[in-house]
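The values are calculated or read from the model by the stated rules, or taken from the named source; none is laboratory data. What you are looking at is a predicted structure, and each value in this text was computed from that prediction instead of being measured. Please note: Cβ atoms are built from the backbone with ideal geometry, for glycine as well, and neighbour counts cover all protein chains shown.
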Amino acid sequence: MPVTRLNHAVLFVRDIERSVSFYADTLGFRTVMALRGAAFLQASGSSNDHDLGLFEIGAGAGPSGAGRTSVGLYHLAWEVDTLAELDRIAALLVERDALVGATDHATTKALYARDPDGIEFEVSWLVPAALVDDELLARRSVNRPLDLPAEIERYGADTRGGIGVSIPVGVAP
């Protein structure tokens, strides 16, 4: 099965309007179709029919126990094109009290946040393959706190990130 990319994800949420508003206002998703208790959202730079499906199950729904008391999905990850965009998203996530972490994974710079239902997601920028050096490759297994201003200084705010993978061709992951 030669998968080329993730087409969409579907989440169960308590309140469809609250979730649509969060994903639209915070991450720039737009509603492409809405039904009673459901919405299908598309990311602004996407060519997918939809990237995120939301299904309302009501205010009485309990929190997800995934990773704590049950198996389940840990998080979804979306890539942005530039560190300037990652910085802009970081500010929005802080403003909405949604940011829960920021990690430097060497070749990936990542923000971690939670939506209104506590569902975790990641927004990341990948170092372009042409800029991956031996130092970055050597520390891929060591996570560090993300220093976004330092990364912007190093790579430039408007440098377009790698797409899907930032490992140079011919280098073993």
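Side notes on the structure shown:
- A residue that is assigned by TED's automatic domain parsing to the domain that holds TRP78, under 18 Å from GLY67 (Cβ atoms), among the small types (Gly, Ala, Ser) and in contact (Cβ under 8 Å) with a residue 40 or more places away in the chain occurs nowhere in region 123-133.
- For region 92-117, a residue qualifies if it is under 21 Å from ARG139 (Cα atoms) and surrounded by 15 or more Cβ atoms within 10 Å (Cβ to Cβ), and the qualifying residues are ALA102, THR103, ASP104, HIS105, ALA106, THR107, THR108, LYS109, ALA110, LEU111, TYR112.
- Within region 21-33, residues that are closer than 9 Å to ALA43 by Cβ sit with their Cβ atoms under 6 Å from residues that are assigned to a helix (DSSP H, G or I), at 6+ positions apart or across chains, in these pairs: PHE29/TYR23.
- Condition met for ILE89 (crowded, with 18+ Cβ neighbours inside 10 Å and modelled with pLDDT of 95 or more): yes
- When GLU56 is tested against the conditions (1) under 22 Å from SER19 (Cα atoms); (2) among the charged types (D, E, K, R); (3) under 13 Å from the mean Cα position of the chain (by Cα), the lone failure is (3).
- Strands (runs of 3 or more DSSP E) fully within region 35-106 counting 1 or more residues that are more than 21 Å from TRP125 (Cα to Cα): 38-42, 52-56
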